[in-house]
Amino acid sequence: MTEEFDLHHIQLQQVTVTFPQPDGGEFLAVDGFDLQVKTGEFVTIVGPSGCGKSTLLSVVDGLIRPYAGQVLINEILVTGPSTDRALVFQEFALLPWRTVVDNVMLGLELQRKFTKGQMKETVHRYIQMVGLQGFENHYPHQLSGGMRQRVGLARALAVNPDILLMDEPFAALDAQTREIMSLELLRIWEQEKKTVLFVTHGIDEAVYLADRVVVMSGRPGRVKEIIPVSLARPRSLAIKDHPQFVQLRRHIWDLLEKEVQWQVGNKGAKG
């Protein structure tokens with residue numbers, strides 16, 4: 001890593017998010033969330049269902065404003081979406097009437113600052129990077145789930161964001177394709193040096209990808225523990241048999257199991 005890695009690229013400072021309720025009250029989704037992410041770092045976030053993981057990504061992207069606290073990108077306050085961030089969803093969110101090329105080109109078209117030649121060159125580069133050469137003129141319905149997710153990743157990368165925000169991007173894929181996509185994502189990350197915040201329910205996926213794993217508490221979402229992952233890079237799938245990997249997976253599972261048990265017990269007490 002370069003010296004730039006020592007900078008705090010993303011800072012979430014005491015972020016609290018509430019949503020209005022039909023009865024006029026407020027639902028507390030995230031409470032006092034603190035996290036600092038360095039430039040070029042790959043950070044994964046795991047937590048019980050409904051703990052606010054996806055909400056946090058939307059706050060970093062500028063789609064949701066926190067009730068309290070703030071998010072800074074390179075010391076600048078986030079007040080809305082920006083081209084320095086790209087959000088990749090679980091749903092492929094491709095336009096069915098557009099080919100692979102045209103879907104990947106969409107973000108560049110919306111920026112209205114590139115020539116047709118520049119856009120074609122950029123799109124070609126990222127289609128190659130995600131391994132879709134030969135499928136440029138296919139439509140989404142002609143592609144497998146894994147290929148559609150590759151299109152979504154290429155579209156996000158094409159606008160050259162500094163930060164990739166990934167909301168369970170591989171959750172809808174079968175287990176084998178999911179592992180292949182994890183390998184591909186690490187390859188691209190090591191090549192592009194993007195800062196990545198990656199939400200997942202998969203503990204193995206979280207450990208395999210990350211420099212650090214953030215474990216969230218149950219609702220309202222808070223930081224329960226931040227766990228460094230010192231496994232060597234580049235990583236292959238064989239690293240999942242490494243004793244350190246097994247130990248990290250067990251530790252995270254224990255943390256999450258306690259959260260789920262507490263939530264179930266708390267609901268029972270209220271009932």
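Only the coordinates and a few stated rules stand behind these numbers; no lab work does. Everything numeric in this text was worked out from a predicted model, so none of it was measured. Using ideal geometry, Cβ is built from the backbone for each residue, glycine included, and neighbour counts are taken over all protein chains shown.
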Label points 7 Å out from Cα along the Cβ direction at residue 113 and residue 84: separation in nm? 1.2
Neighbourhood net charge (13 Å Cβ-Cβ; Lys/Arg +1, Asp/Glu -1) for residue 230: +2
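Among 56-67, 180-191, 131-142, how do they line up from the highest to the lowest mean number of other beta-carbon atoms within 10 Å?
Details: 56-67: 19.5, 180-191: 17.3, 131-142: 14.1.
With the highest mean Cβ count within 10 Å placed first, the list reads 56-67, 180-191, 131-142.
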Testing the spin-label approximation: label points 7 Å from Cα along Cα→Cβ at residue 128 and residue 191. State their distance in nm. 0.9
In nanometres, the difference between 0.36 nm per residue of separation and the alpha-carbon distance of residue 242 and residue 144 is 32.1 nm
Which of (1) 121; (2) 217; (3) 153 is the computed volume of the Cα convex hull per residue in Å³? It is (3)
Quickly estimate the mean residue ellipticity at 222 nm for the chain, helices only: each DSSP H run with n ≥ 4 gives -39500 (n - 2.57), and the total goes over all residues, rounded to 500. -12000 deg cm²/dmol
Förster radius 30 Å - calculated FRET efficiency between residue 233 and residue 120 (Cβ-Cβ, nearest 0.05): 0.35
Tell me the label-point distance for the pair residue 97, residue 225, using the 7 Å Cα-to-Cβ offset, in nm and rounded to one decimal. 5.2
Quick one: Cα centre-to-centre distance for region 85-162 and region 200-245, in angstrom? 28
Based on the Cβ-Cβ distance from residue 261 to residue 26, what FRET efficiency comes out when R0 is 35 Å, to the nearest 0.05? 0.85
Work out, step by step, the length gained on full extension between residue 68 and residue 201: first 0.36 nm times the residue separation, then minus their alpha carbon distance; give nm to one decimal. 45.2 nm
